[in-house]
Amino acid sequence: METLSSTLQAISDPTRRAIIDRLTRGPARVTDVAAPFAMSLAAVSKHVRVLEKAGLVRRTRQGREHTLALEAAPLREVASWAARYEQYWTERLDRLEAYFANRRPPR
């Protein structure tokens, strides 16, 4: 459960979700990941460290160049956790749909 909590905390921030989204297209240098953001490289690096701590991002170094890659396993745990509630919400929505289908229109 600790992994799930740290993953949820990490993806709660829109900047970190945008970084994850970028990394779904493949590994990228930290400077390239930081380019679209209106913040310093140091600020983006802090976000990257949160993602690394949650196990969502892996960093490799070659000389002075740092490359990031997505590690999707923690996201699968989030998806699995959320999927448990799908049946609950499907049943609720089915009942709501039935309620409106059986309701008489106002006169």
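Since every read-out is calculated from the coordinates, none of them should be taken as a lab result. Owing to the predicted nature of the structure, the values given are computational and were not obtained by experimental measurement. Cβ placement follows ideal geometry from the backbone for every residue including glycine, while neighbour counts extend to all protein chains displayed.
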Which label marks the calculated value of log10 I(q)/I(0) by the Debye sum over Cα atoms at q = 0.10, 0.21 Å⁻¹, given the options (i) -0.37, -0.98; (ii) -0.42, -1.06; (iii) -0.25, -1.16? (ii)
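With an 8 Å cut-off on Cα pairs and a minimum separation of 6 or more residues, tell me the relative contact order of the stretch 16-71 in percent.
42
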Determine the shape class of the stretch 10-72: with a ≥ b ≥ c the square roots of the Cα gyration tensor eigenvalues, call it rounded for a/c under 1.5, and otherwise prolate if a/b is greater than b/c, oblate otherwise. rounded
At R0 = 35 Å the Cβ-Cβ FRET efficiency linking Ser40 and Leu4, nearest 0.05, sits at 0.70
Assigning unit charges at the beta carbon (Lys, Arg +1; Asp, Glu -1) and nothing else, what dipole magnitude in debye, to the nearest 20, does the chain show about its Cα centre? 240
With a cut-off of at most 11 other beta carbons within 10 Å, and DSSP calling the residue loop, which chymotrypsin sites (Phe, Trp or Tyr not before Pro) in the stretch 38-88 qualify? Please list them. Tyr85
Between Asp94 and Arg17, what's the calculated FRET efficiency when r is the beta-carbon distance and R0 is 30 Å? Round to 0.05. 0.50
Over the chain: helical MRE at 222 nm, DSSP H runs n ≥ 4 each giving -39500 (n - 2.57), nearest 500: -18500 deg cm²/dmol
Phi angles of the stretch 24-30, converted by Karplus (6.51 cos²θ - 1.76 cosθ + 1.60, θ = phi - 60°) into ³J(HN,Hα) in whole Hz with x for Gly and Pro, give 5, 8, x, x, 8, 5, 4
Averaging sequence separations of C-alpha pairs under 8 Å and six or more residues apart, then dividing by the length of the chain, give the relative contact order as a whole percent. 28
